[in-house]
Amino acid sequence: MASDLILPKYRGSLMAQSPKKLTDHISLWIRWRWILIGIPLAAAILTFIVGSLIPKTFRSTALVLPPYENRSPLAFLEGVSIDIFGGNEVPASGLITLLRSRGLKDSVHNRIDLMEHYEQPDMERAYLAFEDHLRVELESEASFGAVTIIAMAVSVLDKDPEFCAEMVNTVVREWDKIYTEISRRGAELRKQYVEISLKQTTEELAQIEDSLRSFQEQYGIAELGTQIKGTVAAAIALEEKIVEARITVRVLEKLFQPDHPELRKAHLELNELEKQLLQFQQPTEDTTLMLPLGIAPEIRMRYSRLQRRVSTLSSIQTILMQQYEQAKMQELKDTPALRVVDWGKVPIYKHKPKRLILMVIASFSAIFIVLLLLYFVDYVERSKGTEDYHWIEESTKRLKADLNWLRRLLGLRIK
């Protein structure tokens, strides 16, 4: 038969390399069933024991909302004054930096001795231990490509549940104090800046108002638009009279001699009307009701500039006065800025170790390792008398030689 033609030294190798059937796998599992059951079970029990010996860690969490920001670009649509200097000194994203700042750690240490609690020899290590036990989680939402922080969960891990709650509440209180103090200092600086700007604006507005009043007194301007309209109307009426007078003079010149009384009277009336028109076009001392047409455009331009400047400075003064009052209130503000939704409570259940999860992980890891070892042992047994088995023996001898050399190098004796 064809199988008899196969050399004996290759027959075992072919058997070792032949694919295994499902029944072969099941037979292997049944053969080593006690190891497959015992080792994972022992791993789970050992994990449970070790997990019971590990000290319990509790977690207390405080839920905090960021301060209200009134820097809306559409605030003026709601009838709210525009805060041109910003609403909050620290944005919501900067609150996390404050939470991990050295100043906060110092404030917490003044309330709670971190070196004693964490059993550290110096302040730096105590602060590192504090950071390791502090957790911050952010809840945010994205809108128009911008990410907004809407809530922050601050947690503290510790072996003592009561201390855990005390610590997280202390952190939140000191965090709020630092934020409030920064906002107060910023409001103080902002108030000083606004006060200087308000003083300068008020002085400049007073000067412009004096200039406008002097300008009005000089030209007798009460309402420039009305006065110009009256001047133009009077000029038009005068022009019409001049045209009629000229026609009358030309007619009389054809009818009478140059020295005729009627013609002389017509000439006098025409000259008087032309003098009146000339007065409209030249400056006069009395401009209470009528403005000279020659200087009306120039007066209108100067008057408009002064009026616009007064209006602009008045608007700036109004905004600065609002900002000054806001800065004064912010400077005196002593209420909490952070909105605490939930303070830290004393936890009832431990946070870790999670023994059930550890037991499941240990059991499945043990099963995986045991299966690898079983299949390796089965492969070695089926490879006896083959070249693969000889290679395994040679490799084992080399590993033993390397191990013996390492022991001799370390000064150990092989028994």
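Throughout, read-outs are computed from the coordinates displayed, never taken from laboratory work. Predicted model only: the values in this text are computed from it and were never measured. With ideal geometry, Cβ positions are generated from the backbone for all residues, glycine too; neighbour counts draw on all protein chains shown.
Between ARG264 and LYS241, the modelled labels are 2.3 nm apart [label points 7 Å from Cα along Cα→Cβ]. Remark on VAL340: its backbone amide H falls under 5 Å from those of LEU65, a criterion applied only to residues 5 or more positions apart or on other chains, H modelled at 1.01 Å from N.
Phi angles across the range 58-65 convert, under the Karplus curve 6.51 cos²θ - 1.76 cosθ + 1.60 with θ = phi - 60°, into 3J(HN,Hα) values of 9, 9, 10, 10, 10, 9, 10, 9 Hz, Gly and Pro given as x. Under the simplified labelling scheme, the LYS397-GLU139 pair shows an inter-label distance of 7.0 nm, with each label point 7 Å from Cα along Cα→Cβ. Were the residues from SER101 through LEU406 laid out at 0.36 nm apart, the gain over their Cα-Cα distance would be 104.8 nm. Rounded to the nearest 0.05, the FRET efficiency derived from the C-beta distance between VAL360 and GLN120 at R0 = 22 Å is 0.05. If the chain linking VAL377 and GLU325 were pulled fully straight, counting 0.36 nm for each residue of separation and taking away their Cα-Cα distance, it would gain 10.2 nm. The alpha-carbon of LYS328 sits under 18 angstrom from the alpha-carbons of these lysines, leaving out residues fewer than 8 places away in its chain: LYS191, LYS199. In this simple spin-label approximation, GLN276 and LYS345 carry label points 7 Å from Cα along the Cα→Cβ vector, and these lie 9.5 nm apart.
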